[in-house]
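Working notes, structure below.
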Amino acid sequence: MWQRLKSRRFYWGFIAIGLVLGLMVATQFRVARQQAQAVPIQRFNELMTDVQRARQEQESLQARVDRLRGELNRLTESPDLAALRSELDAVRTQVGVADVAGPGIEVVLNDSSATLQPGQNPNFYVLHDEDILKVLNELRAAGAEALAINGERITAGTEIRCIGPAVLVNKTQRLTPPYVITAIGNPETMEASLKMRGGVVDTLRYWGIEVGIKRHPLVVIKAYKGATGFKYARPAPAEGGE
Amino acid sequence: MPTRLYAVALVAFVLGLLITVQARVAGQPPGEILPAARVQELTAELRRLEEASAGLRREAGELEQKIAAAKQGQTQARAALQTEIEKYRIQAGLVPVVGPGVEVMIHNMPAGSLPGTEQYVFAVRDEDLLRVVNELWGAGAEAIAVNGQRLVSTSEIRLAGTFIDVNLQRITPPYTIVAIGDPDVLASALEIEGGVAEMLRAFGASCLIKKKDTVRIPAYEGTMAFQYARPIKEEVRG
């Protein structure tokens, strides 16, 4: 009897020691790994600061460029140069470096709000860069003269790319849904083109994407923010020699 | 008896390990996860911001020169305006341009090129070309032409009937997309794993990307007279 009691106590003792030892070893291991991870986190924070600083610099440079463009405008206001100035205004409008206004439409796109059934791929029911590209392309085909998404001007060279749940536009601008696309052009033509049977809106609605279209007598689209002028492309020599 | 004791101790030891690991996984604060993907994203963002700033700095320098010239007199002011107009005309796509870049050839899969493909042959669609072009712009392309059609701010790439229209002009396969920019950056943006070249090839289309020291991109052939959009005068600007 005593023997059995003693051995039982023995068991419990061993179990306790084993447990404590196991906990200690695992905790030790965990602390060691945490220390290894601490460095990248610090680097991550440094990077965050760098990105913030770079964004501030970009903004102040943008303000400087805007100021300089304005100064050049003021210096060339004489009546003699009026013809050139209106040519400059026209070509700036085409590039997208001028605020413009005109009749148009507003297209609001939002991810599907439908509750998914188990097994459905949620990725099918959210907006992708491609969906936005298609809407913009359709608007261009319908004669849109100026386009913007969430206030960011769409120029010829504007890319639309998904990064996580956001969309990256004009290299540095991150936008999140809902996406509001504004377009200047013939409102009826643009709306009809989007709503064509089997067209862009039909396809998006199939996936539950919310699409709202409104016509407006006057839409204002802001100028593209960013540098103009090319680094690689130069005017081709007159007789197209390659 | 001792063997049984050791066995019990071992089981308890393992149990202790498991409990700790479990607690660690369940209670891991977000800060402890190594944010490799986030670091990568931030690095890319930083690079893009620095590039944007470099472009702005370049433009500011050029504008300062033009302003200094314009202050000297009417003739210089006229010349400054003309170079400014020319810069925008190039960017608007109204001037043919040359520069380094890439040439991308995309072709439909020929019928019957593989056994059993007679019925289903993948034809390159407008949205495939849109994606290629979008990737090239994203990689910093400055000028792009699709089958000789310069892409401008109003250009569409759209299926009309059985053909693709660009700038309202019908284009036919093979599709040749020419872009000016950094050839390495442009090419790798298309060739990236899981990228658009891989997707096209998976569908059976061919996608050939050539880096070039010089490519030529024609000017936009259409007219860009806007009917609806009017510039807002600066006085009105906020």
Discussion item. Can you compute the radius of gyration and Dmax for segment A:69-171, using only the Cα atoms, both in Å?
Written reply: 19.4, 71
Worksheet item: Which whole DSSP H helices in chain B pass both tests: a Cα extent of 30 Å or more along the axis and a mean Kyte-Doolittle value no lower than -1.0?
Response: B:2-26, B:36-72
Practice prompt. List the relative contact order of chain A as a percent without decimals, with contacts defined as Cα pairs under 8 Å and 6+ residues apart.
Written response: 25
Worksheet item: Most fluctuating residue of A:163, A:149, A:41 in a GNM of chain A with Cα springs under 10 Å: which is it?
Response: A:41
Practice prompt. Enumerate the calculated ³J(HN,Hα) couplings along segment A:187-193 in order (Karplus 6.51 cos²θ - 1.76 cosθ + 1.60, θ = phi - 60°), each rounded to whole Hz, writing x wherever the residue is Gly or Pro.
Written response: x, 5, 4, 5, 5, 4, 5
Worksheet item: What residue among A:91, A:220, A:167 has the largest mean-square fluctuation in a Gaussian network model of chain A, using Cα springs under 10 Å?
Response: A:91
Discussion item. Connecting C-alpha atoms closer than 10 Å in a GNM of chain B, tell me which of B:136, B:94, B:49 has the biggest fluctuation.
Written reply: B:49
Worksheet item: How many partner chain Cβ atoms sit within 10 Å of a residue's Cβ in peptide A:77-84, on average, as a whole number?
Response: 3
Response to the item:
In whole Hz, the Karplus estimates of ³J(HN,Hα) for segment A:13-24 (6.51, -1.76, 1.60; θ = phi - 60°; x where Gly or Pro) are x, 4, 4, 4, 4, x, 4, 4, 4, x, 4, 5
Discussion item. Order A:189-195, A:133-139, A:55-61, B:38-44 from most to least packed using the mean count of other Cβ atoms within 10 Å.
Written reply: A:133-139, A:189-195, A:55-61, B:38-44
Discussion item. How shielded is B:145-152 by partner chains, expressed as the average number of their Cβ atoms within 10 Å of its Cβ atoms?
Written reply: 1
Item to complete: Using only Cα atoms, tell me the angle between helix A:129-141 and the longest principal axis of chain A; keep it within 0 to 90° and round to the nearest 10.
Response: 10
Response to the item:
Counting sequence-distant residues (5 or more places) and residues on other chains, those with an amide H built under 5 Å from that of residue A:145 are A:184, A:185
Fill in: Integer Hz, Karplus 6.51/-1.76/1.60 couplings in order for segment B:143-149, x for Gly and Pro
8, 9, 10, 10, 6, x, 9
Fill in: Kirkwood Rh, angstrom, chain A [1 / mean 1/r, Cα pairs]
23.5
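Can you compute the equivalent ellipsoid semi-axes for segment A:191-242, i.e. the square root of 5 times each eigenvalue of the Cα gyration tensor, sorted largest first and rounded to whole Å?
39, 19, 13
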Worksheet entry | Interchain or long-range residues, amide H under 5 Å from residue B:143's placed H | B:180
Worksheet item: Considering the protein assembly as shown, what Rg and Dmax in Å follow from its alpha-carbon atoms?
Response: 30.0, 119
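Where the eigenvalues come from the Cα gyration tensor of chain B, what are the semi-axes √(5λ) of the equivalent ellipsoid, largest first, in whole Å?
On the way: eigenvalues 540, 214, 52 Å².
Output for chain B: semi-axes of 52, 33, 16 Å.
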Worksheet item: Between residue B:97 and residues 5 or more places away or on another chain, which pairs have amide H atoms under 5 Å apart, with H built 1.01 Å from N, and which residues are they?
Response: A:236, B:217
Item to complete: Mind sorting A:126, B:178, B:124, A:20 by how few other Cβ atoms lie within 10 Å of their own Cβ, fewest first?
Response: A:20, A:126, B:124, B:178
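Read-outs: derived from the displayed coordinates by stated rules, not from any lab. Here the structure is a predicted model, which means the values were calculated and not measured. Methodologically, a virtual Cβ is constructed for each residue, glycine included, from the backbone with ideal geometry; neighbour enumeration extends over all protein chains shown.
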